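Q: Let me give you the structure first, and then I'll get to my questions.
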Amino acid sequence: MTPRLFLIDSFGFIFRAYHARARSGAPPMRTSSGVSTEAVYIFHNMVRKLKTQHKPEYVAAIFESTGPTFRDEVFAAYKANRTETPPDLLDQIPWIRKTLEAMSIPILEYDRFEADDVIGTLAARARAQGVDVVIVSSDKDMLQLVDDNATAHGAVGGYISMLNPMKDDAFYDAAATERFMGVKPSQVADLLALMGDTVDNIPGAPGIGEKGARDLLVRFGSVENALDHAAEVERKTYRESLQNNREQILVSKRLATIHTDVPVPLDLEALAARPPDEAALRQLYRTLEFTSLLRDLGPAKPSGPRDYEALESPEAMAEWLAAIPAGCPVAVAAGEMLGRTVIACCAEAGSARFASLDRLPARASVCHDLKALIRRFGACPQLQHDVMLYGFLLTAEPGACDLRALSERYLEETLDSGAAAEADAVLRLFSKLRPEIESAQLDQVFRDIDLPLVPVLSQMEETGILIDHEQLSVLSRRMEEEIARISAEIYELTGKTFNINSPQQLGKILFEDLQLPAPVKYGKGKTISTAAGVLEELADEFPIARKVLDFRQLAKLKGTYSDALPALIDPFTGRLHTTFHQTGAATGRLASSDPNLQNIPIRTALGREIRAAFIPRPGWKLIVADYSQIELRLLAHFSRDAVLVDAFRRGEDIHTRTAAEVFGVPPIAITPDHRRRAKAVNFGIVYGQSPFGLAQSLGIERKEAEIYIRAYFERYAGVRKYLDATIAEVRRSGFARSLFGRRRPIPDMNSRNFTARGFAERTAVNTPLQGTAADLIKLAMIRVHERLAGMEAKLLLQVHDELLLEAPSEEAHEVRAIVKKEMENVHKLEVPLLVETGVGGNWRDAK
């Protein structure tokens, strides 16, 4: 095989990859500290794939030089059309250079020479030395460098071809170039000279487009020959363009022609492919938080020796633990070995002991996932530190706090299997995370809320809840009939049957057959979106869009709840048991899974019917307690706005008060529509909604929405002041905090990307409200749990601002009073907390 030199057109690829990702609608990639990384990630993966698949003997990345080049001297307006590099892409260029250095890829750039000319010269010189050259680029201009006499990449001799990673690694030899461009490689510069290039602002020949340019080159072979024989061209516009713009066309060819003789050296030995610098790559991946890439590197070398030893008996473990100095933290982990429970303890990094035990040792104080250990071994009051909760308090990243992820992030190692390795990792994580918890002032929220909530959630999971099979069966049959009815109506409107659940088939029916206004296409296959948001915009004008939305809602309710829930009942307890997650939402809210019982719709009739299937045990009642407008009350507390505080202290309906304030209507004259709009404004403010968003939610013009928001802030000036101060503080610190100190990193507050910064500002506004609401109900759960000690009543579910309990009928009203009191008095605020409670025979009817 002839050795190959791969020359990477770095900037060309970076720009196209960045903009392709932006057009796809994918969210920007950021580190927790706000560093933009999507271009680095894409470029890294392209280079890694290149090295892995093609295994080049030589490789180099070519960068653009700074300052003007000879083309700027030839034509002052050269590349004048190019927009400025987006700031968030510009910030990534140094990281891309670091990536190449870590991958041992040489970087080449030469002042006053464009990357194209450097690539052209290096390619020509390598070919002269008998080396095959592969230009890695997505720029069609580069195709002029492909050898006319090269029939296939890899042929004997030094030939030049091009690889386009943006087109599924398409290789271009002479034949492929001619098929793609319509001319030979040697004519590509002539083609650009005639048709012009808007990207580089090459003027070309006025009035001659791509097809005309091809036709002229097929006939005359070159620009110069076409100019010399312009009088022979039959088409008047082409003939006159050639005759009247000779100098401009020749200048265009000079601009389009890539030079292959600029004074840059070729040192093949310096470009020889070398293995990456693994240590540098690890550091880069850690800094840019490329966790999956870090994992791909495999386990790092252990940071020290490992001393893991099995002990023969519980007594041996007790003796080993007794030798550990008092006050020394002891980490614990549990696992299985040969069908038996194994418990490992670690008091010194790198050293752990494990044995077959029935319970956790009393000396153990540190763990990962305390709730899982409580469910397995019962109460564990000795465990006072949970590194899973520590990790979440520090990062607020849902799903990133399992032991493996924490080990990769903080210990820079892949977690080994076995209880001993896990206990060792837990101890080392504790050593790293505990000081950070204290430094970030998160110890109090851990001690007062997160840690004491664990046994409460464990008890709730263990208790579970009863569901009425018959109610769900009846409901499922009703939904099936309704789905069949709506399906028939959809088929009647479309004139054909099809799979309504298929986005592809539905999109074709709606936007091609029925010609509904089509949304913007997205993605590689240019799929037409049939997402809920798209259909909602069409629903008022086109009945079929509303019917599809109704069909989807019914299908989801049926599949997720009425059909699925009975199958999830525990055969031993006869009850449904969900799992609560303290690390499931960035705001600190609890999450529920397997099944998710926090997502049952309440605003629809069918959703309420599903709630009717949740029942107490025979002879008992369900108690429901729900915070009323808690986030608006917290807005009043944080902002100290006089009007808002006064309204809540007086017990007024806040939406009616807002309608009166914003619309200038006396309370007695407020209509339901006034109140509806005021409610949308109130909650729009809480969620940082823009005038555009409010206009969409109310179905009004944007200018009208702007008037509403402006009027709101004129009447609630304290709210405006609070929101501005909150945004300024989060921009300064990088964190939003709840009333109790829980924090959420918001790195995009200072992003130069307008969209990312706008989303960050909305998040900064809402997080203290939603996070504090989450903390308040957690505190209330802890206190209710304590108050119910000695009673038969049990907490069953938490659905964000709502608690669901079960109690014997004779205890129900006493429990109702206890819950209401604890929830309303959980913390002193500037305005009263109001809790609406109910008692009933099922979740729906509890009033």
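Q: Only one of Leu266, Leu242, Leu227 is assigned to a loop (DSSP other than H, G, I, E, B) and open to solvent by less than 50 Å² (accessible area, probe 1.4 Å). Can you tell me which?
A: Numbers: Leu242 fails: assigned to a loop (DSSP other than H, G, I, E, B); Leu227 fails: assigned to a loop (DSSP other than H, G, I, E, B).
Checking each option against the conditions leaves just Leu266.
Q: On to the next question. Only residues that are of a type outside the set (Phe, Trp, Tyr), surrounded by 14 or more Cβ atoms within 10 Å (Cβ to Cβ) and closer than 20 Å to Glu397 by Cα: list them for segment 269-301, please.
A: Answer for segment 269-301, where residues must be of a type outside the set (Phe, Trp, Tyr), surrounded by 14 or more Cβ atoms within 10 Å (Cβ to Cβ) and closer than 20 Å to Glu397 by Cα: Arg286, Thr287, Leu288, Glu289, Thr291, Leu293, Leu294, Arg295.
Q: Counting only residues that are of a type in the set (S, T, N, Q) and open to solvent by less than 60 Å² (accessible area, probe 1.4 Å), give me the helices (runs of 4 or more DSSP H) lying completely in segment 159-224 with at least 1 of them. Full working, then the answer.
A: Numbers: elements: 174-181, 188-195, 210-220.
Of the helices (runs of 4 or more DSSP H) lying wholly inside segment 159-224, those with at least 1 residues that are of a type in the set (S, T, N, Q) and open to solvent by less than 60 Å² (accessible area, probe 1.4 Å) span 174-181.
Q: Name, by its number, the condition in (1) modelled with pLDDT of 95 or more; (2) under 20 Å from the mean Cα position of the chain (by Cα); (3) surrounded by fewer than 23 Cβ atoms within 10 Å (Cβ to Cβ); (4) not acidic (Asp, Glu) that does not hold for Arg434.
A: All conditions pass for Arg434, except number (2).
Q: Out of all the residues in segment 601-609, is one or more more than 30 Å from Leu389 (Cα to Cα) and of a type in the set (Asp, Glu)? Step through it out loud before you land on a result.
A: Initially, segment 601-609 is screened for residues more than 30 Å from Leu389 (Cα to Cα), giving 602-609.
Next, only the ones that are of a type in the set (Asp, Glu) stay: 609.
Within segment 601-609, one or more residues are more than 30 Å from Leu389 (Cα to Cα) and of a type in the set (Asp, Glu).
Q: What number of residues within segment 775-787 are open to solvent by less than 10 Å² (accessible area, probe 1.4 Å) and over 12 Å from Val826 (Cα atoms)? Steps first, please.
A: Of segment 775-787, the ones open to solvent by less than 10 Å² (accessible area, probe 1.4 Å) are 775-778, 780-781, 784.
Adding the requirement that they be over 12 Å from Val826 (Cα atoms) leaves none.
Within segment 775-787, residues that are open to solvent by less than 10 Å² (accessible area, probe 1.4 Å) and over 12 Å from Val826 (Cα atoms) number 0.
Q: Among the residues of segment 253-263, which ones are open to solvent by 40 Å² or more (accessible area, probe 1.4 Å) and closer than 19 Å to Tyr110 by Cβ?
A: Thr257, His259, Thr260, Asp261, Pro263
Q: Would you be able to tell me the number of residues in segment 354-396 that are under 18 Å from Lys432 (Cβ atoms) and either open to solvent by less than 20 Å² (accessible area, probe 1.4 Å) or in a loop (DSSP other than H, G, I, E, B) (or both)? If you could, list the steps in order and put the result at the bottom.
A: First, pick out the residues of segment 354-396 that are under 18 Å from Lys432 (Cβ atoms): 365-369, 384-396.
Among the residues that remain, those that are also either open to solvent by less than 20 Å² (accessible area, probe 1.4 Å) or in a loop (DSSP other than H, G, I, E, B) (or both) are: 365-369, 384, 386-387, 389-396.
Residues that pass the stated criteria total 16.
Q: Look at segment 809-830 and say how many of its residues are part of a loop (DSSP other than H, G, I, E, B), closer than 22 Å to Asp448 by Cβ and not charged (D, E, K, R).
A: If we filter segment 809-830 for residues that are part of a loop (DSSP other than H, G, I, E, B), which is where we start, we get 809-811, 825-830.
Narrowing the set further to residues that are closer than 22 Å to Asp448 by Cβ leaves 825-830.
Now restrict to residues that are not charged (D, E, K, R): 825-827, 829.
Result for segment 809-830: 4.
Q: Got a number for residues in segment 397-419 being open to solvent by less than 10 Å² (accessible area, probe 1.4 Å) and within 19 Å of Val330 (Cβ to Cβ)?
A: As a first pass, look at segment 397-419 and keep what is open to solvent by less than 10 Å² (accessible area, probe 1.4 Å): 401, 406-408.
Checking which are within 19 Å of Val330 (Cβ to Cβ) leaves us with 406-407.
The number of residues fulfilling the criteria is 2.
Q: On to the next question. Checking the condition within 42 Å of the chain's Cα centre (by Cα) and modelled with pLDDT under 90, which residue from Asp197, Asp277 passes? Before the answer, list the steps.
A: Details: Asp277 fails: modelled with pLDDT under 90.
Only one candidate qualifies: Asp197.
To keep it simple, each residue is scored yes or no on (1) modelled with pLDDT of 90 or more; (2) within 30 Å of Asp88 (Cα to Cα).
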site: Glu729; (1), (2): yes, yes
site: Ser738; (1), (2): yes, yes
site: Gly741; (1), (2): yes, no
site: Met749; (1), (2): no, yes
site: Thr755; (1), (2): no, yes
site: Gln770; (1), (2): yes, yes
site: Asp775; (1), (2): yes, no
site: Ala780; (1), (2): yes, no
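To keep it simple, each residue is scored yes or no on (1) in contact (Cβ under 8 Å) with a residue 12 or more places away in the chain; (2) closer than 20 Å to Ala532 by Cα; (3) in a helix (DSSP H, G or I).
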| residue | (1), (2), (3) |
| --- | --- |
| Ala695 | no, yes, yes |
| Ile709 | yes, no, yes |
| Arg720 | no, no, yes |
| Asp724 | no, no, yes |
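Yes/no matrix, rows are residues, columns are (1) open to solvent by less than 50 Å² (accessible area, probe 1.4 Å); (2) part of a loop (DSSP other than H, G, I, E, B); (3) closer than 24 Å to Glu802 by Cα:
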residue	(1), (2), (3)
Asp550	no, no, no
Leu554	yes, no, no
Pro566	yes, no, yes
Thr573	no, yes, no
Gly584	yes, yes, yes
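Q: Follow-up question, since we're still on this one. Being at pLDDT 90 or above, of a type outside the set (Gly, Ala, Ser), more than 34 Å from the chain's Cα centre (by Cα) and closer than 28 Å to Ala793 by Cα: is that true of Asp468 here? Explain how you work it out, then say what you get.
A: Details: at pLDDT 90 or above: yes; of a type outside the set (Gly, Ala, Ser): yes; more than 34 Å from the chain's Cα centre (by Cα): yes; closer than 28 Å to Ala793 by Cα: yes.
In short, yes.
The values are calculated or read from the model by the stated rules, or taken from the named source; none is laboratory data. This is a predicted model, so every value here is computed, not measured. Positions of Cβ are generated from backbone atoms using ideal geometry, with glycine treated the same way; all protein chains shown enter the neighbour counts. Protein only, heavy atoms only, side chains kept; ligands, DNA and RNA dropped before computing areas. Shrake-Rupley method; radii C 1.70, N 1.55, O 1.52, S 1.80 Å.
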